[in-house]
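> Sending over a structure as structure tokens; questions will come in a sec.
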Amino acid sequence: IKNTSSSATIENLKVTINGGASMVDGSRAFSPANSSNSFFFETLGVKQSENIEMDLLAKADATPNSYPVEITFMYEYSVGKERYQAQGNTETITIPLRQEDRLTVNDPELPGWTVNVGEMVSLSTNAVNKGKSSVYNVTVTVEGDGFIAETPSYYIGNIASGTEEYYDARLTPFMDGELSGELIFTYEDANGEEKEIRKPFVFSAMSFDYGD
């Protein structure tokens, strides 16, 4: 902060910082971390500057958005021998708030028994968005050896905060033995960054001998 006046001395300056309020419901996105939100300066001379440093803690339940942080100034000033009460004024700084995405995918579920080669087997799992932001363009891909996936790639779409999506796949083994694969979930977070979750799975297949 700086007193830009060439003649007036600022006195009894109080600076108050209020964490950004939501435009929707007025809730605060930030709170002071281990400090007060008010600062006091007895005097601030002509052309004199002071630095204010404050840590703001983003609330865990705040919706990702850009929030205005308001800085309010209340002070008196003197010119010569005359002292005046200034009208308080407010400056605004906009701070973008990001929330960590928390998309979780449960381990794939498969039958616990050995299936026959050529016999279709079902695989299922679900993805839960535990974060405060939606995730976008969620796609599931099935990869592996020794089996054919009926739908090797499936587009789920967007998963809103606090919601769950289910995914089922049908796999047909064409060779026997222990067959392994992966479900690959790709998506974009609220900031447009592409991310990936891999979930391995294993199942057994055997050839049935019908004799002659």
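The values are calculated or read from the model by the stated rules, or taken from the named source; none is laboratory data. Worth saying up front: this structure is predicted, and the values here are computed from it rather than measured. No Cβ is skipped: glycine too gets one built from the backbone with ideal geometry, and neighbour counts run over all protein chains shown. Heavy atoms of the whole protein, side chains included, go into the accessibility calculation; ligands, DNA and RNA do not. Shrake-Rupley method; radii C 1.70, N 1.55, O 1.52, S 1.80 Å.
> Quick one: Thr94 ticks every box in (1) of a type outside the set (A, V, I, L, M); (2) in contact with a Gly (Cβ under 8 Å, 6 or more places away or on another chain); (3) within 30 Å of Glu164 (Cβ to Cβ); (4) in contact (Cβ under 8 Å) with a residue 40 or more places away in the chain except a single one, so which number is it?
So the condition that Thr94 fails would be (3).
> State whether the residues of segment 88-109 include one that is farther than 30 Å from Asn18 by Cα, over 36 Å from the mean Cα position of the chain (by Cα) and not hydroxyl-bearing (Ser, Thr, Tyr).
no
> Any idea how many residues of segment 160-196 are in a loop (DSSP other than H, G, I, E, B), within 24 Å of Ile148 (Cβ to Cβ) and under 27 Å from the mean Cα position of the chain (by Cα)?
0
> So which strands (runs of 3 or more DSSP E) are wholly in segment 55-97 and hold at least 1 residues that are under 17 Å from Ala33 (Cβ atoms)?
The strands (runs of 3 or more DSSP E) meeting that bar are 56-58, 65-79, 89-97.
> If you don't mind, another one. In this structure, is Gly131 touching a residue at least 24 places away in the same chain (Cβ under 8 Å) and within 30 Å of Asn65 (Cα to Cα)?
Against the criterion (touching a residue at least 24 places away in the same chain (Cβ under 8 Å) and within 30 Å of Asn65 (Cα to Cα)), Gly131 qualifies.
> Just to be sure I understand, how many residues within segment 130-143 are at pLDDT below 95 and either of a type in the set (Val, Ile, Thr) or open to solvent by less than 70 Å² (accessible area, probe 1.4 Å) (or both)?
4
> Could you list all residues from segment 103-116 that are of a type in the set (Asp, Glu) and either open to solvent by less than 50 Å² (accessible area, probe 1.4 Å) or part of a strand (DSSP E or B) (or both)?
Glu109
> Does Ser49 count as open to solvent by 50 Å² or more (accessible area, probe 1.4 Å) and within 36 Å of the chain's Cα centre (by Cα)?
No: the conditions fail for Ser49.
> Can you pull out every residue in segment 36-46 that is in a strand (DSSP E or B), open to solvent by less than 60 Å² (accessible area, probe 1.4 Å) and under 24 Å from Ser6 (Cα atoms)?
Within segment 36-46, Phe39, Phe41, Leu44 meet the criteria.
> Which residues, counting only those in segment 18-50, are β-branched (Val, Ile, Thr) and modelled with pLDDT under 90?
Correct list: Val24 only.
> Would you point out which residue out of Glu100, Glu143, Glu119 is part of a strand (DSSP E or B) and touching a residue at least 12 places away in the same chain (Cβ under 8 Å)?
The conditions single out Glu143.
> Could I ask something else about it? Pick out the one residue from Glu182, Glu164, Glu194, Glu188 that is surrounded by fewer than 12 Cβ atoms within 10 Å (Cβ to Cβ), in contact with a strand residue (DSSP E or B) (Cβ under 8 Å, 6 or more places away or on another chain) and without any contact (Cβ under 8 Å) to a residue 60 or more places away in the chain.
Of Glu182, Glu164, Glu194, Glu188, the one residue that is surrounded by fewer than 12 Cβ atoms within 10 Å (Cβ to Cβ), in contact with a strand residue (DSSP E or B) (Cβ under 8 Å, 6 or more places away or on another chain) and without any contact (Cβ under 8 Å) to a residue 60 or more places away in the chain is Glu194.
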